[in-house]
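Have a look at the structure below, then the notes.
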Amino acid sequence: WGRRAEWVLFADLGRGWLVGPRAGDLQYPGWALPGLSTFRADAGVGIRLDDLGLYIAKSVTDARTPFNFFARLQPRF
């Protein structure tokens, strides 16, 4: 394939919410942020072979969440 395989390690932390009048744990005023304890994080490993990437990720904030496997057909960056 032209290049050798590359190992990839990654981590992600984040959370989504709506902006507007406060409504439960989903909607917050424009000046407010949700509490840090509501954010979720995951970590993973993968292998990239030219334009094909195969990855597996696992939540580190919720042990009950199963592993997530995914593939990319083009480099992300």
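Some points to look at:
- Positions within the stretch 1-42 being part of a strand (DSSP E or B), of a type outside the set (A, V, I, L, M), touching a Phe, Trp or Tyr at 6+ places or on another chain (Cβ under 8 Å) and without any contact (Cβ under 8 Å) to a residue 40 or more places away in the chain, in sequence order: GLY14, GLN27, TYR28
- Condition met for THR61 (under 19 Å from GLY16 (Cα atoms), loosely packed, with under 13 Cβ neighbours inside 10 Å and in contact with a strand residue (DSSP E or B) (Cβ under 7 Å, 6 or more places away or on another chain)): yes
- Any hit, the stretch 44-55, residues being surrounded by 13 or more Cβ atoms within 10 Å (Cβ to Cβ), touching a residue at least 40 places away in the same chain (Cβ under 8 Å) and within 16 Å of the chain's Cα centre (by Cα): yes
- Within the stretch 64-76, restricting attention to residues that are surrounded by fewer than 12 Cβ atoms within 10 Å (Cβ to Cβ) and modelled with pLDDT of 90 or more, the residue that is farthest from VAL8 (Cα to Cα) is ARG64.
- Candidate set: the stretch 6-31, residues that are surrounded by 11 or more Cβ atoms within 10 Å (Cβ to Cβ) and among the hydrophobic types (A, V, I, L, M, F, W, C); chosen: the one farthest from the chain's Cα centre (by Cα): LEU26
The values are calculated or read from the model by the stated rules, or taken from the named source; none is laboratory data. Quick caveat: nothing in here was measured; it's all calculated off a predicted structure. Every residue, glycine among them, receives a Cβ derived from its backbone with ideal geometry; neighbour counts consider all protein chains shown.
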